[in-house]
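The values are calculated or read from the model by the stated rules, or taken from the named source; none is laboratory data. These figures come from a predicted structure and were not determined experimentally. Please note: Cβ atoms are built from the backbone with ideal geometry, for glycine as well, and neighbour counts cover all protein chains shown.
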Amino acid sequence: MNTSSSMQAPFREVSSLTPDRLARLRWRARRGLLENDLVLERFLAARGATLNEAEVDSLDRLLDMTDNDLWDLIAGRTETGDEMLKPMVDALRRA
């Protein structure tokens with residue numbers, strides 16, 4: 001008997017992140033602000049190899065921000081108005 005799809009665990013896309021793309025992401029995560037560096041390094045060490053495409057896109061968009069704006073988001077001083085970025089901001093805050 002089939003169960004309702006709402007009762008099943010949420011689908012998580014298998015990572016298609018290549019080692020080269022992860023290395024480029026790690027390079028972009030090197031910031032001038034030590035606090036950002038520490039959070040991003042810890043996050044990528046823990047989850048980098050398992051990020052899906054949507055997560056990589058969100059992280060890329062966050063890495064386009066200035067160091068101070070990014071740190072204000074991670075530290076919870078500001079909130080993003082972009083619903084697509086909120087899960088990544090939350091993940092970085094937990095890192």
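What to note about this one:
- Taking the conditions (1) hydroxyl-bearing (Ser, Thr, Tyr); (2) within 14 Å of the chain's Cα centre (by Cα); (3) modelled with pLDDT under 95 in turn, Ser5 satisfies each one other than (2).
- Summed over region 41-62, the residues that are hydroxyl-bearing (Ser, Thr, Tyr) and surrounded by 17 or more Cβ atoms within 10 Å (Cβ to Cβ) give a count of 1.
- Of all residues in region 40-87 being among the small types (Gly, Ala, Ser) and outside any helix (DSSP H, G or I), the one that is farthest from Ala23 (Cα to Cα): Gly81
- Residue check for Arg93: part of a loop (DSSP other than H, G, I, E, B), of a type outside the set (A, V, I, L, M, F, W, C) and farther than 12 Å from Ala29 by Cα: no
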